[in-house]
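**Student:** After the structure tokens below, expect a handful of questions from me.
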Amino acid sequence: MSMGLLPAGFRFSQASLATGEGCPRRFYLKYLRRLNWPGAADPAGLALERGADRGRLFHHLAVQHHLGLPVEAQVQASGDPVLSRWWDHFLCHPPQGVPKGEVYLELELWVPLGAWWLRARFDKVVVGPEEVCIVDWKTGSGNRDFLESWQTLVYCFAACEGGAALSQGRTLLPEQVSLCYWHAEKPQAPLWRRHGEEAHQQARSRIESLVGQLSGLENPDAFAMTEDPQRCAACEFRAYCGRGSGVGPGWEEEGEEEGGDLPLELGY
Ligand code: SF4
């Protein structure tokens, strides 16, 4: 398999795969060149940044709460009514149906993909005797179809492939993996996905196909620009690419509220 421009040990994630599928040029600029291009300092760009910051804080608070640390004072001190609302929802409306078991927080799992890795970073994983349940806390745009996202595909695939690491050496069947998206603005309507053999094979095929495409590109010009003008309109690289004037607000990457994955993408 050609190594293209990807360095050995490169770590794919749901965000970089979604980016690579949506616009290979953006994948190149963001994850290979690591071009640090500022988002627009306009209301849309600032709102996106504020939302990402608030999401990261919420995730930190949720983890601290699960560890038994008091966080109420931090919520109150923030003076942020949105954060307060999310926190009320978190306490009052946890997702129903999560099995009992060993709980792991902010767990990172790496699955080998030839010369590269697939990295999944779970907010919370519950490992029971018969199944593994991933819980993902969402705070970004609630309008996405999370269940059909790269995140669902990558999380379920990685949990199953790395099942032995999660379940004390036991093999994990795809049917034993489930994923629950709990959204802070829609706490009583969690979204569930039960993985399965067919979904697992489809996930493998999509991941390997896209990784094969991206890893085979041997020069920067081979990373094609998207033909979708809506993507360019929102992209912070649009002036760099000659796809518009000024700077776009940036995309809301999949899983970005979990702490972002850019610094961890390269394996060196
Ligand atoms: S401006 Fe358009 S072509 Fe350029 S990286 Fe962004 S989405 Fe891709």
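Here, each number is a calculation from the coordinates, and none is a lab measurement. In this text, all values refer to a predicted model and were calculated from it rather than measured experimentally. For neighbour counting, all protein chains shown are included, and Cβ atoms are generated from backbone atoms with ideal geometry for every residue, glycine included.
**Student:** Among Leu191, Phe10, Ala62, whose Cα sits farthest toward the positive end of the charge dipole of the chain (+1 at Cβ of Lys/Arg, -1 at Cβ of Asp/Glu, about the Cα centre)?
**Tutor:** Phe10
**Student:** Then there's this: What percent antiparallel are the DSSP beta bridges of the chain, to the nearest 5?
**Tutor:** Details: 20 of 29 bridges.
Among the beta bridges of the chain, antiparallel pairing accounts for roughly 70 percent.
**Student:** Quick one: if you take sqrt(5λ) for each eigenvalue of the C-alpha gyration tensor of the chain, what semi-axes come out, biggest first, whole angstrom? Let's see the in-between values first.
**Tutor:** Values: eigenvalues 181, 136, 44 Å².
Whole-Å semi-axes of the equivalent ellipsoid: 30, 26, 15.
**Student:** Hey, another quick one. Given q = 0.19 Å⁻¹, what are the Debye log10 I(q)/I(0) values for the stretch 67-210, with equal point scatterers placed on the Cα positions and solvent ignored?
**Tutor:** Results for the stretch 67-210 at q = 0.19 Å⁻¹ read -1.15.
**Student:** Then there's this: In debye, nearest 20: dipole of the chain around its Cα centre with unit charges on the Cβ of K, R (+) and D, E (-)? The partial results should precede the final answer.
**Tutor:** Values: 25 positive and 35 negative charges, 59 e Å.
So the dipole magnitude of the chain works out to roughly 280 debye.
**Student:** Rounded to the nearest 0.05, what FRET efficiency do Ala164 and Leu69 have when you use their Cβ-Cβ distance and R0 = 35 Å?
**Tutor:** Once the sixth-power term is evaluated, E becomes 0.65.
**Student:** Helix-only estimate, please: 222 nm mean residue ellipticity of the chain, summing -39500 (n - 2.57) across DSSP H runs of length 4 or more and dividing by its residues, to the nearest 500. Please report the intermediate quantities before stating the final value.
**Tutor:** Working: 10 runs with 101 residues, N = 268.
Taking each H run of at least 4 residues, the total per residue is -11000 deg cm²/dmol.
**Student:** Between Gln188 and Leu91, with labels modelled 7 Å along Cα→Cβ, what's the label distance in nm to one decimal, could you check?
**Tutor:** Spacing of the two 7 Å Cα→Cβ label points: 1.9 nm.
**Student:** Let me have the relative contact order for the stretch 82-157, percent, based on Cα pairs under 8 Å that are six or more residues apart. Each step should come with its number before you reach the end.
**Tutor:** Values: 75 pairs, mean separation 17.2, N = 76.
It rounds to 23 percent for the stretch 82-157.
**Student:** Something else now. Among Gln74, Val177, His93, which residue has its Cα positioned farthest towards the positive end of the charge dipole of the chain, with +1 placed on the Cβ of Lys and Arg, -1 on the Cβ of Asp and Glu, and the dipole taken about the Cα centre?
**Tutor:** Going by the charge dipole, the pick is Gln74.
**Student:** Follow-up question, since we're still on this one. Once label points are set 7 Å from the Cα along Cα→Cβ at both Ala224 and Tyr240, what is their separation, rounded to one decimal in nm?
**Tutor:** Rounded to a tenth, the inter-label distance reads 2.1 nm.
**Student:** Then there's this: Which value, in debye to the nearest 20, describes the size of the charge dipole of the stretch 70-168 about its Cα centre when Lys and Arg Cβ atoms bear +1, Asp and Glu Cβ atoms bear -1, and nothing else is charged?
**Tutor:** Magnitude of the dipole: close to 120 debye.
**Student:** For the stretch 11-264, what's the relative contact order in percent, using C-alpha pairs closer than 8 Å and at least 6 residues apart?
**Tutor:** Details: 383 pairs, mean separation 69.8, N = 254.
Dividing the mean separation by the residue count of the stretch 11-264 yields 27 percent.
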